[in-house]
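The values are calculated or read from the model by the stated rules, or taken from the named source; none is laboratory data. None of the values given here were measured: they were computed from a predicted structure. All Cβ positions, even for glycine, are placed from backbone atoms using ideal geometry, and neighbour counts span all protein chains on display. Accessible surface areas use protein heavy atoms only, side chains included; no ligands, DNA or RNA. Shrake-Rupley method; radii C 1.70, N 1.55, O 1.52, S 1.80 Å.
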Amino acid sequence: MDRNTIIAIVLSAIVIIVGTTIQATLFAPDMTEQTTAVTEEIIASEEIAVATSSAAQAYGKTFTAYGEDPSTTPFTVENEVLSIVFDPVGATVDDIKLTQHLTEGQPSSFLFKDSDDVNPFMLYVGDDRTNPVDAVFDYEIKELSMGITQVTFSRDFITDDGDIFTIRKIFAVPDNDEYMIQLVVSITGKDGAVIPFNYDGSSYSINFGPQVGPEFKNMSSSYDYRRVNVLREDKSGKDTVKYDKSNNYVSDPSKPLDWMSLTGKYFVAIAIPETEGTVKEFSSTYRTYDSGVSQENYMYITRIAANSGEIDDLYSFYLGPQNAHDLALYDRAQDNIFGLENHRLKKAMESSWLSWLETVLKWCLVMIYKVIPNYGVSIIILTILIKLALHPISKKGMESTAKMSALSPKIEEIKRKFPDDPQQQNLAMSKLYKEEGINPMGSCIPMLIQFPILIAFYGLLNKNIELRGAMFIPGWIPDLSIPETVATLPFNIPLLGNQVHLLPILYTFSMILSMKITQQSTTSASGQEGMMKFMTYGMPIIFFFILYNAPSGLLVYWSVMNLISIGSQIYVNKKKKGQFVLEIQKKDEAKAESKKKKKRR
């Protein structure tokens, strides 16, 4: 393999790696009083329902649930966007559905779990995750005046030396279209008893997991993922979002955190302690399995030990889409029902260095969609508009290609003149291009300019919640954010899997044809022929494997861009080649006449 071909492969690999990884109003009501009222009402003392579970230990003491077990039947609380199934066993949540985000026509499961998995919001003694408080809790549901449904779980427990204490877990679910819920963990000793919750300097831990939905069979870092992120301020006060690659995260006590999130492709769970100075540690666990939930990511918040007779801790949990509008509600108190502010939840959104371009493309798509309500058609129209915007640049490249095509006889003459000397061929070709005012790389410049747009389109279509489930062609491309599938094979094809996607095949052929038409006249010295063949056939094939499971919308964009380029180049070649041939002939005739005049002298 010649040196130029090796260089082309290395440069192409660099391009591929970079491309795939670089991926209120003035008169608003004052919510301060409302916030205080909501918090007080949530934490307010309730009449204790004396209502057994496995024994738990703390301070070396064993305690058990006191009284008769109430009903274990789960029940559902809904608002405009959430449907939450509460479980009296452990006072936990058994299921969460997002009613405004559908999967195959049904509300999406925000919580992905097996029947054997521990429910989210389970309480553990200290930081011992083998020691859950999984008693059956009594519960009461009531509507608060602030437009919030309150679910109060309570249970009395008795220690081995006869001390009685009460655990309450009070959930607040807004009745509107917010994805934030709140949880109060209240532990109270009776008759002045010190609550026995203390284990190695920790009072209790609360969990969320095992996984954010929707259901999946395996994870792919390019097209689906679950990541644990945390937000903290650095020494200068600047926000820093840390992604823990191992997903087994333990916070540094010297670097306080604002929140922890479990982030997926479209949805995110964010755990936010609202009671200051109570968090000992944020942590997460990561496990993989061959069946069931193949990747689990539990999050935990551990509270510091409290040697007192009472604990009242408030937490907020955002359980919803990665959507800037919904996340931004918790930056200003007047925008949300709980009066929360300065939570900077938008920092949890996965974004790239081209997020600004994604925003521009999304705005354009939405504007087109309002006129023609089909995102596939919108992508095609936007592709045409982008091509028109790039026309002044691409026109020069296409004319350069046409001019090189007109120079074919001279190129062949140079090859015949230096058949075994590639270096002399290159020198002669460079001189010819310089004389004719041709930039051999002119056809590559539009492709380089399009590359950031391609990356931005990838980010937009791969993880933008508004485009999830966007239909193009019923029966073929029902969702532009995922690969289309025309057949499922009973066996796996190496590197591809068992699903047959038609769009990557169409894209590859369109790219090969586009490259052939563009490069057909750019082959110069024999040393460059291998590089040109690689660019024409090798690059499209490499991208075929890389983009085989890419979002359909991305391949629609690129295929249409290729087709427009093919048509444009054919038109320019047909229109301009003859013109350039005549211009070259006139130049040659002028040069010949000039030489004759010099000889006569």
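Details
- Residues whose amide H falls under 5 Å from that of D94, counting only those 5 or more places apart or on a different chain, are V85, F86, D87, with hydrogens built in the peptide plane.
- Using the Cβ of L319 as centre and a radius below 15 Å, the other residues enclosed give a net charge of -4, where K and R count +1 and D and E count -1.
- Coupling constants for region 367-381 follow from the phi torsions by the Karplus curve (6.51 cos²θ - 1.76 cosθ + 1.60, θ = phi - 60°), and in residue order they are 4, 5, 4, 5, 8, 10, x, 8, 5, x, 5, 4, 5, 5, 5 Hz; glycine and proline get x.
- In this structure, the residue pairs whose Cα-Cα separation is over 20 Å, taken from K113/K169; K242/K280; K346/K463; K265/K370, are K113/K169; K265/K370.
- Two-site FRET efficiency, I570 against S115, from Cβ-Cβ distance with R₀ of 35 Å, rounded to 0.05: 0.05
- Label point distance in nm, D128-T76, each placed 7 Å from Cα along Cα→Cβ: 3.8
- Tail weight of P(r) past 24 Å, computed on alpha-carbon pairs of region 285-421, percent: 69
- Sparse-neighbourhood loop sites, chymotrypsin sites (Phe, Trp or Tyr not before Pro) in region 303-370 - DSSP loop, at most 15 other Cβ within 10 angstrom: W353
- Between I372 and F509, the distance separating the two model label sites (each 7 Å from Cα on the Cα→Cβ line) works out to 2.3 nm.
- Karplus-derived HN-Hα couplings along region 485-496 (A = 6.51, B = -1.76, C = 1.60, θ = phi - 60°), whole Hz, x at Gly and Pro: 10, 9, 6, 10, 8, x, 9, 9, 8, x, 6, 10
- Taking the accessible area of region 116-193, probe 1.4 Å, and keeping the other protein chains in place, the carbon and sulfur fraction comes to 42%.
- Per residue accessible area in Å² of region 147-201, where ligands, DNA and RNA are left out and the probe is 1.4 Å: 26
- Given R0 = 25 Å, the distance between the Cβ atoms of T64 and T275 translates into a calculated FRET efficiency of 0.35.
- Accessible area of region 238-368 divided out per residue, in Å², using a probe of 1.4 angstrom: 43
- Region 245-337, accessible surface, carbon-and-sulfur percent (1.4 angstrom probe): 46
- Our coupling estimate for region 169-176, obtained by passing each phi through the Karplus curve with A = 6.51, B = -1.76, C = 1.60 and θ = phi - 60°, is 10, 10, 9, 10, 10, x, 7, 8 Hz, Gly and Pro reported as x.
- Annotation for I141 and F451: the two label points, set 7 Å from Cα along the Cα-Cβ direction, are 5.7 nm apart.
- Pairwise FRET efficiency - N218 versus Q100, Cβ, R0 = 30 Å, nearest 0.05: 0.65
- Alpha-carbon gyration tensor eigenvalues x 5, square-rooted, for region 117-201, Å: 27, 16, 11
- Cα-based shape type of region 81-154, given that a ≥ b ≥ c are square roots of the gyration tensor eigenvalues and the cut on a/c is 1.5: oblate
- The protection proxy used here, the mean number of other Cβ atoms lying within 10 Å of each residue, ranks peptides 183-193, 459-469 as follows, highest first: 459-469, 183-193.
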